[in-house]
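For reference, the structure is listed below as structure tokens.
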Amino acid sequence: MKIAVLGTGMVGRAIAGALAGLGHDVVIGTRDPQATLARTEPDMMGAPPFSQWHVANSGVGVADFADAAANAELIVNATNGAGSLPALTAAGAGNLAGKVIMDVANPLDFSQGMPPSLNPVNTDSLGEQIQRAFPEAKVVKTLNTMNASVMVDPARVAGGDHSVFVSGNDADAKAAVTGILKAFGHRDVIDLGDITSARGAEMLLPVWLRIWGALGTGDFNFKIAR
């Protein structure tokens, strides 16, 4: 498929690289491609400059949000939660209409310091906000309950014996995303229901952050035993 991955941070890089490795035609979307490629400092999470990653992944294209989305069959939202709606708005509603948006972002709110809280939470979710903002798109929430490395290489944790969730209104869209998840190596894909069920998946983040702090590593995931 032709896939646009919006976001140049660790999550976007991991997903774009993995999708390209599976043979997809991948473009990373960013607000200003020239500025992104020109940066020489680590990003806000301490990752090396994007240009270094791109040298090693030169088969992945780089474009602005609109151009990336216009030419894609499927869009991955790997932006930070606070920037997701602005990035998708820049991509253009017309470029998103009828397409699957695989939303892996979390609405983390750092306004009160660490650890972050969620906004929205409880009676709404980022996944739902995206679906409302772009009603002609097919939003599927997934992969937001694990770190970037585990997203694309589930075998690094317990040999892959753990769970991943999907939420969305469109059965065919969820099937398409499930196909990608299985190609990454995920074996236990649990369909939580319509897009409102993204609230539950997003609300796992506060406990995920506490577990990360307790274990000192992000290499873990949830397993639903049944």
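The values are calculated or read from the model by the stated rules, or taken from the named source; none is laboratory data. This structure is a prediction, so every number in the text was calculated from the model and none was measured. Positions of Cβ are generated from backbone atoms using ideal geometry, with glycine treated the same way; all protein chains shown enter the neighbour counts. Accessible surface areas use protein heavy atoms only, side chains included; no ligands, DNA or RNA. Shrake-Rupley method; radii C 1.70, N 1.55, O 1.52, S 1.80 Å.
Below, the figures for the structure above:
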read-out	value
Any hit, the range 152-165, residues being in a loop (DSSP other than H, G, I, E, B), out of contact with any Leu (no Cβ under 9 Å at 6 or more places or on another chain) and of a type in the set (Val, Ile, Thr)	yes
Candidates Ala82, Ala90, Ala97, filtered to the one that is at pLDDT below 95 and touching a Phe, Trp or Tyr at 6+ places or on another chain (Cβ under 9 Å)	Ala82
Options Ala68, Ala90: the member that is in a helix (DSSP H, G or I), open to solvent by less than 20 Å² (accessible area, probe 1.4 Å) and touching a helix residue (DSSP H, G or I) at 6+ places or on another chain (Cβ under 9 Å)	Ala68
Extreme residue, surrounded by the fewest Cβ atoms within 10 Å (Cβ to Cβ), among residues of the range 163-202 that are touching a Phe, Trp or Tyr at 6+ places or on another chain (Cβ under 7 Å) and within 20 Å of Leu126 (Cα to Cα)	Ile190
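Residue-wise test of (1) under 15 Å from the mean Cα position of the chain (by Cα); (2) of a type in the set (A, V, I, L, M); (3) open to solvent by 20 Å² or more (accessible area, probe 1.4 Å).
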| residue | (1), (2), (3) |
| --- | --- |
| Ala16 | yes, yes, no |
| Gly23 | no, no, yes |
| Val27 | yes, yes, yes |
| Pro33 | no, no, yes |
| Met45 | no, yes, yes |
| Pro49 | no, no, no |
| Gly61 | no, no, yes |
| Ala78 | yes, yes, no |
| Leu85 | yes, yes, yes |
